[in-house]
Amino acid sequence: MSGDELYRDPLLYDLEYDDQVEDAVYYARIASQARGPVLELGCGTGRITLPMARAGARVTAVDQAAAMLERLSDRLVSETQDVRNRVEIVRANFLDLGFEQRFPLVVLPFNTLHHCHTHHDVLALLRGVRRALVPEGRFVLDCYLPDPSLYARDPNARYEERVFVHPHSGARLQSWEAGSYDALTQIHEVRYIYRHPEGQERTVTLRLRMFYPQELRALLDWGGFRIVHEAEDFEGRPLQAHSLKWVLVLEPR
């Protein structure tokens, strides 16, 4: 599992992603229905964690990036005491889980699966999740599906241009994306470029391993899971040949 640069700067991370809400609503709903505590893998700065805790779930929030967990701790300060009491923060690699506690629900939200760059990584993740689940537990995750049009982009061109206001300095940051795809490794490299008003630029890189549906189905089967429900979005629309998102509800076989 890669240690990507974006996760070393939680302020940039929140600028990129805090306006995404539909997945947070989805995970908050399923967490509120869980009959016990929830284990969240790859919690980041708490974009999904906090809505789950606000919905009444007790959440063990796991991430290996210290800066992201520090940001989650800071965000918890502004929550109610009840919400703070429901969140336990754990720094750990989700490929090497060692919890004695068992959970009725484990979630791997927001495309975190793509940080597993090899089949070995995926199977290690699945073994750890199986150990962490109660016998009738559920494992819920979402991921991207391969997008040939995205991989055909000019790697030197600018895409997704936008402007951010930095929360501390108030400076307006120009931002755009570039990227490339390696068909042999199935790694999609995404580069986020940030330009400050003075002209300085910073590039932050994510390396995401893409999985084709039949490939991932085989890995899930080898890892001891079966698919209970699948959809192309968080509204439950059926998966189709052109779907670019995959939302999965799994249970141990």
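Is it true that N156 is at pLDDT below 95 and among the polar types (S, T, N, Q)?
Considered against the rule, which asks whether it is at pLDDT below 95 and among the polar types (S, T, N, Q), N156 comes out as yes.
Looking at (1) of a type outside the set (G, A, S); (2) under 24 Å from A24 (Cα atoms); (3) at pLDDT 95 or above, find the lone condition where L206 falls short.
Exception for L206: condition (3).
Specify which of the listed residues (P109, P10) is modelled with pLDDT of 95 or more and in the same structural domain as K245 (by TED's automatic domain parsing).
Selected residue: P109, the only one of P109, P10 that is modelled with pLDDT of 95 or more and in the same structural domain as K245 (by TED's automatic domain parsing).
Out of (1) free of Cβ contacts under 8 Å to residues at least 12 places away in the same chain; (2) out of contact with any strand residue (DSSP E or B) (no Cβ under 9 Å at 6 or more places or on another chain), what's the single condition that is false for A24?
Of (1) free of Cβ contacts under 8 Å to residues at least 12 places away in the same chain; (2) out of contact with any strand residue (DSSP E or B) (no Cβ under 9 Å at 6 or more places or on another chain), only one is false for A24: (1).
Every residue in segment 209-242 that is out of contact with any helix residue (DSSP H, G or I) (no Cβ under 9 Å at 6 or more places or on another chain), under 28 Å from E189 (Cβ atoms) and in a loop (DSSP other than H, G, I, E, B), please.
Y212, E232, Q240, A241, H242
Could you please find all residues in segment 140-152 being out of contact with any Asp or Glu (no Cβ under 7 Å at 6 or more places or on another chain) and in contact (Cβ under 8 Å) with a residue 40 or more places away in the chain?
V140, L141, C143, Y144, L145, P146, D147
Are any residues in segment 162-178 touching a Lys or Arg at 6+ places or on another chain (Cβ under 9 Å) and either loosely packed, with under 15 Cβ neighbours inside 10 Å or not in a strand (DSSP E or B) (or both), and if so, which ones?
Within segment 162-178, V163, V165, H166 meet the criteria.
Taking the stated definitions as given, is R35 more than 13 Å from R75 (Cβ to Cβ) and surrounded by fewer than 24 Cβ atoms within 10 Å (Cβ to Cβ)?
For R35, the condition - more than 13 Å from R75 (Cβ to Cβ) and surrounded by fewer than 24 Cβ atoms within 10 Å (Cβ to Cβ) - is met.
For every residue, the table says whether it meets (1) under 15 Å from the mean Cα position of the chain (by Cα); (2) closer than 15 Å to R91 by Cβ.
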| position | (1), (2) |
| --- | --- |
| L12 | no, no |
| D18 | yes, no |
| A24 | yes, no |
| A31 | no, no |
| L39 | yes, yes |
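Working only within segment 179-208, note down all residues that are under 23 Å from the mean Cα position of the chain (by Cα) and in a loop (DSSP other than H, G, I, E, B).
A183, T185, Q186
Restricting segment 70-113 to residues that are among the charged types (D, E, K, R) and touching a residue at least 60 places away in the same chain (Cβ under 8 Å), which is nearest to V25 (Cα to Cα)?
It comes out as R71.
Considering every residue within segment 33-42, establish whether at least one is in a helix (DSSP H, G or I), assigned by TED's automatic domain parsing to the domain that holds R138 and either over 30 Å from E189 (Cα atoms) or in contact (Cβ under 8 Å) with a residue 12 or more places away in the chain (or both).
Checked against the condition, which is being in a helix (DSSP H, G or I), assigned by TED's automatic domain parsing to the domain that holds R138 and either over 30 Å from E189 (Cα atoms) or in contact (Cβ under 8 Å) with a residue 12 or more places away in the chain (or both), segment 33-42 yields at least one hit.
The values are calculated or read from the model by the stated rules, or taken from the named source; none is laboratory data. Since the structure is predicted, the reported quantities are computational estimates derived from the model, not experimental observations. A quick note on method: Cβ atoms are made from the backbone with ideal geometry, for glycine too, and the neighbour counts reach across all protein chains shown.
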